[in-house]
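The values are calculated or read from the model by the stated rules, or taken from the named source; none is laboratory data. From a predicted model like this one, the values you see are computed outputs, not experimental measurements. No Cβ is skipped: glycine too gets one built from the backbone with ideal geometry, and neighbour counts run over all protein chains shown.
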Amino acid sequence: MRTPALFLALLLPGLALAGRPLNTEDASTLDDKACQLESWADRSRGNVTDFSFAPACSYLDVEWQAGAVRTRAGGRSATSSTFAQGKYALRSVDDGAWGVGLVAGLARQLRREARNGWGDPYFIVPVSFGLGGDKETRALLHLNIGTTRVRDEARNLTLWGVAVEKPVGERLTLVAEAFGENARHPFIRAGGRHALFDKFDVDLTYVTRSGGTREDRYWSLGFHWETSPFLP
């Protein structure tokens, strides 16, 4: 099964994404006082299923997010990881041709035998570029560089990601990305998301890892629901 302090350290920071289902962060946030809910299931060829749940709200121009992953394997189910993070767009790509932001958070790996409490910090700088003049039809390129501290291994890891999303119709957007840590073989994702109605999308992607095992190959099915601003 895909355990790993390492894999989930990569998965969890990517929850506040460039729109589900990308793992790579984008340089934008929710409208202030708006909220969103994202949830998805990852099913690997090793018969392991991860169920993820990640609500977020934007307040004081910071997008606050928390989430948890529940893993089912061998007929048993248990919460395997949780996280909390904040995201701030210094310049939003929604407002122009490019954007840059900051993401910082803490992760907790519950299935480790030692050092399984809160305390795996991470920090990511996302940079986004709009490729085209029309904001409704342009492609978006997202680049990430960051770091995380894996406490049980007492070492720091470099996190990176590259992603592209491109609308191909009124409701369908194709996505592709590569992401990983240090110089290890990267994960690669491809698929798309479909807008069922305003501010509610569903997505389906396939993820594999260069040189990886069957546990590193999985399907991901999820949704993204966003509200209008309503918080006081």
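Here are some notes:
- The one condition in (1) in contact with a Ser or Thr (Cβ under 6 Å, 6 or more places away or on another chain); (2) under 20 Å from Leu221 (Cβ atoms) that Ala73 fails to fulfil: (1)
- When residues of the stretch 24-41 are limited to those that are over 24 Å from Glu181 (Cβ atoms) and among the aliphatic types (A, V, I, L, M), the one surrounded by the fewest Cβ atoms within 10 Å (Cβ to Cβ): Leu37
- With respect to the conditions (1) out of contact with any Lys or Arg (no Cβ under 7 Å at 6 or more places or on another chain); (2) assigned to a strand (DSSP E or B), Glu63 lacks only one, and its number is (1).
- Single condition Thr71 does not satisfy, out of (1) more than 12 Å from Glu25 (Cβ to Cβ); (2) crowded, with 20+ Cβ neighbours inside 10 Å; (3) among the hydroxyl-bearing types (Ser, Thr, Tyr); (4) modelled with pLDDT of 95 or more: (4)
- Pick from the stretch 164-200, criterion part of a strand (DSSP E or B) and either touching a helix residue (DSSP H, G or I) at 6+ places or on another chain (Cβ under 9 Å) or among the aromatic types (Phe, Trp, Tyr) (or both), ranking: surrounded by the fewest Cβ atoms within 10 Å (Cβ to Cβ): Phe197
- Residue tally, condition small (Gly, Ala, Ser) and in a strand (DSSP E or B), over the stretch 124-153: 4
- Ala41 passes every criterion in (1) closer than 23 Å to Pro232 by Cβ; (2) small (Gly, Ala, Ser); (3) touching a Leu at 6+ places or on another chain (Cβ under 6 Å) apart from (1).
- Enumeration of residues in the stretch 87-100 that are touching an Asp or Glu at 6+ places or on another chain (Cβ under 7 Å) and not hydrophobic (A, V, I, L, M, F, W, C): Lys87, Tyr88
- Single residue of the stretch 203-226 satisfying the filter (touching a Gly at 6+ places or on another chain (Cβ under 7 Å), modelled with pLDDT of 95 or more and buried (at least 17 other Cβ atoms within 10 Å of the Cβ)) that is nearest to His185 (Cα to Cα): Thr205
- Against the list (1) assigned to a loop (DSSP other than H, G, I, E, B); (2) modelled with pLDDT under 90, the condition Leu6 fails is (1).
- Restricting attention to the stretch 70-81, the residues that are touching a Leu at 6+ places or on another chain (Cβ under 7 Å) and β-branched (Val, Ile, Thr) total 1.
- Residue check: Gln36 meets all listed conditions (1) in a loop (DSSP other than H, G, I, E, B); (2) modelled with pLDDT of 95 or more but one, namely (1).
- The stretch 146-163 - residue that is hydrophobic (A, V, I, L, M, F, W, C) and buried (at least 17 other Cβ atoms within 10 Å of the Cβ) and, of those, farthest from Arg209 (Cα to Cα): Val150
- Contact map, the stretch 96-119: first residue surrounded by 18 or more Cβ atoms within 10 Å (Cβ to Cβ), second residue modelled with pLDDT of 80 or more and assigned to a loop (DSSP other than H, G, I, E, B), Cβ cut-off under 7 Å, separation 6 or more or different chains; pairs are Gly99/Ala27; Gly99/Ser28; Gly99/Ser92; Gly101/Ala27; Val103/Glu25.
- Of the candidates Asn47, Asn156, the single residue that is on the phi > 0 side of the Ramachandran plot and either free of Cβ contacts under 8 Å to residues at least 40 places away in the same chain or assigned to a loop (DSSP other than H, G, I, E, B) (or both) is Asn47.
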